[in-house]
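A short worksheet on the structure shown next.
The values are calculated or read from the model by the stated rules, or taken from the named source; none is laboratory data. The shown structure was predicted, so the numbers you read here are calculated from the model rather than taken from an experiment. Quick reminder, even Gly has a Cβ in these numbers, built from the backbone with ideal geometry, and neighbours come from all protein chains shown.
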Amino acid sequence: MSKEEQKSPIEMLLDENNTENLKMYDEDNNLVEFEQIAIIPIADKIYAILKPVEKREDLDDDQAIVVAVDTIDDEDCLVEVYDEEIIDKVFDEYYELLKEEGIKVDEE
């Protein structure tokens, strides 16, 4: 795929046909790869649950992060969410979606 054809992480995230992992740079400018678990819209904001492909020291193997589509300096960006209340809301909504699909959920 040429440079012009490459999609941004946000375009990949919002593309329902995308099956590729998202690759983004962290705050230390390291390229990090994530598996997309779910997109969760809440109010007027879009959140995503992403699972790192490689082990992160701050996460257990079965944990994922929540990112928000945010606008910074007039540019859409994916920003990791650290607010526990928002993270809980995103996961609660995700668990409800799974239950609606008939998937048994072990909420912790």
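Kindly list, by first and then second residue, each pair from a residue in the range 26-41 that is at pLDDT 85 or above to a residue that is of a type in the set (Lys, Arg) and surrounded by 16 or more Cβ atoms within 10 Å (Cβ to Cβ), limited to pairs with Cβ atoms under 7 Å and residues at least 6 apart or on different chains.
Between residues of the range 26-41 that are at pLDDT 85 or above and residues that are of a type in the set (Lys, Arg) and surrounded by 16 or more Cβ atoms within 10 Å (Cβ to Cβ), the close pairs are PHE34/LYS51; GLU35/LYS51; ILE37/LYS51.
Considering LEU98, LEU59, LEU78, LEU14, which residue is touching a residue at least 60 places away in the same chain (Cβ under 8 Å) and out of contact with any Cys (no Cβ under 6 Å at 6 or more places or on another chain)? Even if it seems obvious, please write down each step before you answer.
Working: LEU98 fails: touching a residue at least 60 places away in the same chain (Cβ under 8 Å); LEU59 fails: touching a residue at least 60 places away in the same chain (Cβ under 8 Å); LEU14 fails: touching a residue at least 60 places away in the same chain (Cβ under 8 Å).
Going through LEU98, LEU59, LEU78, LEU14 in turn, just one is touching a residue at least 60 places away in the same chain (Cβ under 8 Å) and out of contact with any Cys (no Cβ under 6 Å at 6 or more places or on another chain): LEU78.
Tally the residues that are acidic (Asp, Glu), under 24 Å from GLU96 (Cα atoms) and assigned to a loop (DSSP other than H, G, I, E, B), restricting the search to the range 53-85.
4
Considering the range 50-71 alone, what residues qualify as being within 13 Å of ILE10 (Cα to Cα) and not acidic (Asp, Glu)?
LEU50, VAL67, ALA68, VAL69, THR71
Residue under question is LEU13, and the condition is that it be modelled with pLDDT of 85 or more and closer than 24 Å to LEU97 by Cα; does it hold?
yes
Tell me which residues, restricted to the range 1-52, are in a loop (DSSP other than H, G, I, E, B) and either closer than 15 Å to VAL81 by Cα or under 10 Å from the mean Cα position of the chain (by Cα) (or both).
Those that are in a loop (DSSP other than H, G, I, E, B) and either closer than 15 Å to VAL81 by Cα or under 10 Å from the mean Cα position of the chain (by Cα) (or both): ASP26, GLU27.
If a residue must be in contact with a Leu (Cβ under 8 Å, 6 or more places away or on another chain), aliphatic (A, V, I, L, M) and under 22 Å from TYR95 (Cα atoms), how many such residues does the range 23-50 contain?
Of the residues in the range 23-50, 7 are in contact with a Leu (Cβ under 8 Å, 6 or more places away or on another chain), aliphatic (A, V, I, L, M) and under 22 Å from TYR95 (Cα atoms).
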